[in-house]
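The values are calculated or read from the model by the stated rules, or taken from the named source; none is laboratory data. For clarity, every value in this text was computed on a predicted model and none was experimentally measured. Cβ sites come from the backbone with ideal geometry, for glycine too, and all protein chains shown count toward neighbours. Remember, those area values only see protein heavy atoms, side chains included, never the ligands or the DNA or RNA. Shrake-Rupley method; radii C 1.70, N 1.55, O 1.52, S 1.80 Å.
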Amino acid sequence: MEPEPRLRRHSWGWNLVRAFVMAVGFVCMVAFAVALAKVTLVPSPASVPLTHTNLHPGSSIRLYFNQPDWRDTIKQVGGNVVLGVPFGFLLPVIFPRTRGFVRVVLMTAFVMLTVEIAQGLLVAGRAFDIDDVILNAAGAFLGYLILGRRLGRALHPRRVHWWRPRTEPARVVAVKKSRERRMWAWRKSDARPTSATKTNAKTTARTQTAPKSLRKRIPSLLRVKRP
């Protein structure tokens, strides 16, 4: 069985460290939300003639790779991927129920889909692009694979899947084993005869054998010598 991570140990020192890590993750999430709003929800009136809605997955990505300027390709594709990486870092820390590759990707896709819809409906110079959502989800997948999975396992108990048997933490198993050893030693000490029990056994044996000896002596005592 794997040892319990240090950040999940139930001591006041590690609890403070765990609370500090959670607070830092929450602050980073707030800062990332503010930065995401500035990047995606700021109007750009000059870009109105150039924007168009894309509902076909892969069309914008092909357009990015087919253009001659590779720097613009890296900017568009890499920027969307990097924008999704913090989701893979922060979601497993702040929201333990979102741990797992599928959950992180779906949660990121849901958030970015909401952002894209807001862009297309409310922000001038921005348009809905399904490829941006795909690239953001890919970035979240990479972030979770690099660091988010380790952080989630270090801070929170391991998720129990329906296809795996439920396993107890190493600390609980150790406590149960020590309790079983103490019970076994207690039963063994009760089963071992002490000096008091030996004396009691001797007295009971004497009381049980006394009537037999008296029976043997009674005929000789009852004999009367005739003159």
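A46 satisfies every condition listed in (1) among the hydrophobic types (A, V, I, L, M, F, W, C); (2) at pLDDT 85 or above; (3) open to solvent by 50 Å² or more (accessible area, probe 1.4 Å) except (2).
Return yes when P68 is outside any helix (DSSP H, G or I), surrounded by fewer than 19 Cβ atoms within 10 Å (Cβ to Cβ) and without any contact (Cβ under 8 Å) to a residue 12 or more places away in the chain and no when it is not. So P68 fits the description; yes. Applying the condition of being in a helix (DSSP H, G or I), under 20 Å from I61 (Cβ atoms) and open to solvent by 20 Å² or more (accessible area, probe 1.4 Å) to segment 118-148 and asking which residue is modelled with the lowest pLDDT yields G120. Quick check: is even one residue across segment 81-98 more than 22 Å from the chain's Cα centre (by Cα), open to solvent by less than 60 Å² (accessible area, probe 1.4 Å) and under 23 Å from R153 (Cα atoms)? Checked against the condition, which is being more than 22 Å from the chain's Cα centre (by Cα), open to solvent by less than 60 Å² (accessible area, probe 1.4 Å) and under 23 Å from R153 (Cα atoms), segment 81-98 yields at least one hit.
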